[in-house]
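These notes are about the structure you will find just below.
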Amino acid sequence: MTADDSYGRLDDDDYPAYTMGRAAEMLGTTQGFLRAIGEARLITPLRSAGGHRRYSRYQLRIAARARELVDHGTSVESACRIVILEDQLEEARRINEQYRRAAESESDSESAAGSGTPAAAGSPTVADRDGDG
């Protein structure tokens, strides 16, 4: 691995850069909480060569949201389910937005192309109005 490869990972939200201890410290929680949300399959930490759990920034954001819910009295299992549903809803909204944009651009393309379509039968054309047709 070159130095350039290492620096590129600094911006990678999915790179598992944090140990369990560091992740728990950053979140202000316990390692047991991280294990619990792992068991609930909210996040699946990668493992180092030595078998230690490693977390990415993306996973820490997910864990932070679950912790927020737990801090407000939600059970760990329910918090994990809520976070999963929130993530699915966000993904569905993103996909819907992509479809909406594609439909709008297709509609715009058809509108622009529609100006060159032949006139309907019985409708006057430019040539008819000019007296040439």
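Some observations on this one:
- For Ser48, net neighbour charge (Lys/Arg +1, Asp/Glu -1) across residues whose Cβ lies under 14 Å away: +4
- Nonpolar atom fraction for the stretch 20-71, defined as the carbon and sulfur part of the 1.4 Å probe accessible area, stands at 48 percent.
- Added length on full extension, which subtracts the Cα-Cα distance from 0.36 nm per residue, Gln88 to Ser111: 4.8 nm
- Each Lys and Arg Cβ is given +1 and each Asp and Glu Cβ -1; about its Cα centre, the stretch 1-91 then shows a dipole of about 460 debye.
- Evaluated at q = 0.14, 0.19 Å⁻¹: base-10 log I(q)/I(0), Debye formula over Cα of the stretch 1-101: -0.61, -0.95
- Relative contact order for the stretch 23-86, counting Cα pairs under 8 Å that sit 6 or more residues apart, in percent: 33
- With both labels modelled 7 Å from their Cα along Cα-to-Cβ, the Arg61 to Glu104 distance reads 2.3 nm.
The values are calculated or read from the model by the stated rules, or taken from the named source; none is laboratory data. These figures come from a predicted structure and were not determined experimentally. Using ideal geometry, Cβ is built from the backbone for each residue, glycine included, and neighbour counts are taken over all protein chains shown. Each accessible area value is taken on the protein alone, full model and side chains, heavy atoms only, with ligands, DNA and RNA left out. Shrake-Rupley method; radii C 1.70, N 1.55, O 1.52, S 1.80 Å.
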